[in-house]
Amino acid sequence: MSTLEIRDLHVSVDTEDGPKEILKGVTLTIRAGETHAIMGPNGSGKSTLAYSVAGHPKYQITSGTVTLDGQDVLAMSVDERARAGLFLAMQYPVEVPGVSVSNFLRTAKTAVSGEAPKLRTWIKDVNTAMDRVKMERSFAQRNVNEGFSGGEKKRHEIVQLELIDPAIAVLDETDSGLDIDALRIVSAGVNRFKENGDKGVLLITHYTRILRYIVPDFVHVFVDGRIAEEGGSELAEKLEAEGYAAYVDAPAGAQA
Amino acid sequence: MILYVTVTETPNVAGAVETADVASHLHPVGSFDVAAHPIPSGREEIWRFTPLKRLRALHGDAVLQPGSALFRWNTPEGVRAEIVDGAEAREVRGVSGLVPNTRYAARVLAEAPTTLLVDVPADVEVGEPILVDLTGRDATTAEAVDVVLRFGRHSRAVVVLNHTGSATMAQVVEVSVDDGAEVSVVSLQDWADDAVHLSHVEAAVGRDASYKHVAISFGGDVVRMDSNVHYRGPGGSAELFGLYFADAGQHLEHRLFVDHNEPRTRSNVVYKGALQGDGAHTVWVGNVLIRKAAEGIETYEQNRNLVLTDGCRADSVPNLEIETGEIEGAGHASTTGRFDDEQLFYLQSRGVPEDEARRLVVHGFFNDIVRKIGVPALEERLMAAVESELAKNVTAEVVR
Ligand SMILES: Nc1ncnc2c1ncn2[C@@H]1O[C@H](COP(=O)(O)OP(=O)(O)OP(=O)(O)O)[C@@H](O)[C@H]1O
Ligand SMILES: [Mg+2]
């Protein structure tokens, strides 16, 4: 049972003209068993939030707190956060030349669980995870994400999600670039992960389509570095119909 | 003993020049006569990157003494490997068609007291690598080492020259690959920190033969290796691979020259290097010449450098000189990049600690080249060597 608490988070990035504030006070609590969806226009800061929680060095936290079960996440290194139970499925998964998927998965699993997985069951687990997202087993011999299509990279993220089995998963546009069948396959993967125990999920998306497969308990509208409105899954339907105009045109700080 | 080599006509090199531009710096005229090679000043194109002051006069007039280096080798069935001198040494020197273009190479041919000769007769397939250990025991005296590797028609063999210990060594390695032979020569420079090593490797590749040369340099204060190839007939193929890892203060220089002097010959060059620590310096110069006669050839060369810390310098100079338009393909690529933080972040975000993530990325960088070596026994040793190089750096500041 885990709780991720983000309190009044302010985040900047370094630009040529000095620091630029991207997140302007984000407060969000994700409890075990809950699925949260974040929707918002391009450039509003959704990925920034995801990366900041994961600890990407590009983002400077200027104020606010992030805790996982009361532990200070911001004080942890990137790998410590992962070992504490946080997982980020990235919008743009990174290619790592010369490192095979199979080696990568085993190294990650070993790091997170603190011991090397038993060889026999491990190979079976990897094969099962790959079969489930319809990733050819031959991908295990390929280099991490190298030459993968957009959709293949996303499936690979889900394979990792299933094998690493974190407490809280942040999925940044995992549905983008997926064909109709792949969307169903990936959604099923996320739902399996959720059923695996009390998991928290933060789903960043542009499309309500995925929310038909992965039903959110909460929907947050993200605009200009803040959460502009919160509601249940019905809010997603409203956004689909009306877009973000109401939020973008409204004066800053006009919250629901 | 002092050995005199008579200058003979060398049709492979000089005779094949069909254009007027013999002045091209890619194919300077060589000579066996030591006096014909003035002591380099450092301003010469071929010496401009090399720290001459650290060579202990090996490029000039260092007194070459009977060697400190200990030679040990195995002789798999069908192979003859021995130290020869006198008339026999005289006879095998120059077998590759080498005409020295440096003073040190001319001096090695003239002054090395003996020659290590490895002979693989025609049609012999050697089942295991021929391992030659050259163990230096004294860096305070300079020595000349001459090696001749002769591979008969349709023979198949792998030779590993393993350089370890302390030495100040000028070396010539001649490789003669007869028609249809398939040959690999791996040269490992795993020297102690004080070693200085100048080495000229000259290979003549016969008709439809394939030759692979792998230069692997980890140790030594200054290592400079010239790996050269020319062809004796059409259809020959050369693969020149390299892997190097330079630490603080080290100078590792790899030069190569592929002389496409015959039609339908191929060459593929891949050198990869990592650098870390203050004053780590690597140099790669890839010279490829496609002569007018060399129609239908294919060549590709690439050099990739991974800079792990501040204070390093990687020079990378591909040169492609084309004298005929009738080629299948020719290209080159050179990249020198800093450690990729995004890769590090991705691995760390999966729980992998930073030092291990860093190791994975560097392993990954070298992985393809290690696999290309094709000597399984060496692969593990190389990865272990990369590992121990990386371990040296745990406390050094890393590039952000
Ligand atoms: N180095 C930088 N310099 C200037 N602006 C930056 C820099 N890095 C990020 N930004 C800006 O930060 C804002 C937030 O980016 P972020 O990737 O978080 O958006 P997003 O909500 O995930 O968008 P999308 O829906 O397109 O994925 C963008 O406007 C982006 O241009
Ligand atoms: Mg984004």
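The values are calculated or read from the model by the stated rules, or taken from the named source; none is laboratory data. Everything numeric here is computed off the predicted structure, so don't read it as measured data. With ideal geometry, Cβ positions are generated from the backbone for all residues, glycine too; neighbour counts draw on all protein chains shown. Protein only, heavy atoms only, side chains kept; ligands, DNA and RNA dropped before computing areas. Shrake-Rupley method; radii C 1.70, N 1.55, O 1.52, S 1.80 Å.
Taking the Cα centre of the range B:296-400 as origin and assigning +1 to Lys and Arg Cβ atoms and -1 to Asp and Glu Cβ atoms, the resulting dipole is close to 480 debye. Annotation: B:GLU326 carries an accessible surface of approximately 110 Å², with a 1.4 Å probe and no ligand, DNA or RNA atoms counted. Under 5 Å between amide hydrogens, built in the peptide plane, is the criterion, and for B:SER184 it picks out B:ALA157, B:VAL158, B:VAL159, B:LYS212 among residues at least 5 positions away or on other chains. As a size descriptor, the averaged projected area of the C-alpha convex hull of the protein assembly as shown was calculated at 33.3 nm².
Based on Cβ point charges of +1 for Lys and Arg and -1 for Asp and Glu, what charge dipole magnitude is obtained for chain B about its Cα centre, in debye rounded to the nearest 20? Intermediate results must be reported in sequence, preceding the final value.
Numbers: 36 positive and 59 negative charges, 84 e Å.
In total the dipole reaches around 400 debye.
Hey, what D do you get for chain B in µm²/s if you plug the Kirkwood alpha-carbon radius into Stokes-Einstein at 20 °C and 1.002 mPa s?
Values: Rh = 21.4 Å.
D, rounded to a whole number, is 100 µm²/s.
Among the protein heavy atoms, those of B:VAL158 account for about 40 Å² of accessible surface (1.4 Å probe, every chain in place). Comparing A:SER176, B:ILE327, B:HIS154 along the charge dipole axis of the protein assembly as shown, the residue lying farthest to the positive side is A:SER176, per the Cβ-charge model.
When the solvent-accessible surface of protein heavy atoms is calculated with a 1.4 angstrom probe, in what order do B:HIS213, A:HIS10 fall, highest first? Let's see the in-between values first.
Values: B:HIS213 0, A:HIS10 40 Å².
These residues rank, largest area first, as A:HIS10, B:HIS213.
Report the relative contact order of chain A, percent, no decimals, based on alpha-carbon pairs under 8 angstrom and at least 6 residues apart. Let's see the in-between values first.
Values: 477 pairs, mean separation 68.4, N = 256.
Computed over chain A, the figure is 27 percent.
Amide H to amide H, with H built 1.01 Å from N, A:LEU202 comes under 5 Å of A:HIS36, A:ALA169, A:VAL170, A:LEU171, counting only residues 5 or more places away or on other chains. Placing R0 at 41 angstrom, the Cβ-Cβ distance between B:THR75 and B:GLU380 gives a FRET efficiency of 0.95 after rounding to 0.05. Computed on protein heavy atoms with a 1.4 Å probe, the accessible areas place B:VAL34, B:VAL177 in the order B:VAL34, B:VAL177, largest first. Pairs of Cα atoms nearer than 8 Å and 6+ residues apart set the relative contact order; for the range A:1-110 it is 28 percent. Relative contact order, whole percent, for chain B stands at 11, derived from Cα pairs under 8 Å and 6 or more residues apart. Seen from every direction in turn and averaged, the convex hull around the alpha carbons of the range B:225-351 projects onto 8.8 nm².
Of the residues A:ALA167, A:GLY40, A:PRO19, the one whose Cα sits farthest toward the positive end of the charge dipole of chain A, with +1 on the Cβ of Lys and Arg and -1 on the Cβ of Asp and Glu, is A:ALA167. The accessible-area loss of the range A:89-123 on complex formation, taken against its chain alone with a 1.4 Å probe, reaches 50 Å² or more at A:MET90, A:VAL94, A:VAL96, A:PHE104, A:THR107. This model, with +1 at the C-beta of Lys and Arg and -1 at the C-beta of Asp and Glu, gives chain A a dipole about its Cα centre of some 980 debye.
Carbon and sulfur: what percent of the range B:2-392's accessible surface (1.4 Å probe)? It would help to have the intermediate numbers written out before the result.
Details: 6800 of 14120 Å².
Accessible surface attributable to carbon and sulfur in the range B:2-392 totals 48 percent.
With θ taken as phi - 60° and the Karplus curve 6.51 cos²θ - 1.76 cosθ + 1.60 applied, the whole-hertz 3J(HN,Hα) list for the range A:54-71 is 7, x, 4, x, 5, 9, 9, 7, 9, 6, x, 9, 9, 10, 10, 6, x, 7 Hz, x standing for glycine and proline.
Could you tell me which residue out of B:LEU344, B:VAL370, B:HIS281 lies farthest along the dipole of the range B:2-392 toward its positive end? Charges go on the beta carbon: Lys and Arg +1, Asp and Glu -1, centred on the Cα centre. Of the options given, the answer is B:HIS281.
Using 0.36 nm per residue, how much length does the chain from B:ASN319 to B:THR335 gain when fully extended, once their Cα-Cα distance is taken away?
Values: separation 16, 0.36 × 16 = 5.76 nm, distance 1.43 nm.
Full extension of this stretch gives 4.3 nm more.
What value does the range A:158-256 have for Rg/Rh, both radii from Cα atoms and Rh as Kirkwood defines it?
Working: Rg = 14.6 Å, Rh = 14.6 Å.
Over the Cα atoms of the range A:158-256, Rg/Rh equals 1.00.
Ligands, DNA and RNA excluded, the heavy atoms of B:ARG80 present near 80 Å² of accessible surface to a 1.4 Å solvent probe. Take the accessible area of chain A alone and of chain B alone, subtract that of the pair, and you get about 1900 Å² summed over both chains, using a 1.4 Å probe. Once the C-beta distance of B:ASP193 and A:GLU242 is scaled by a Förster radius of 60 Å, the resulting FRET efficiency is 0.30 to the nearest 0.05.
Cβ-Cβ distance of B:ALA87 and B:SER31, R₀ of 25 Å, FRET efficiency by 1/(1 + (r/R0)^6): the value works out to about 0.65. Secondary structure note: in chain B, about 5% of the DSSP beta bridges are antiparallel.
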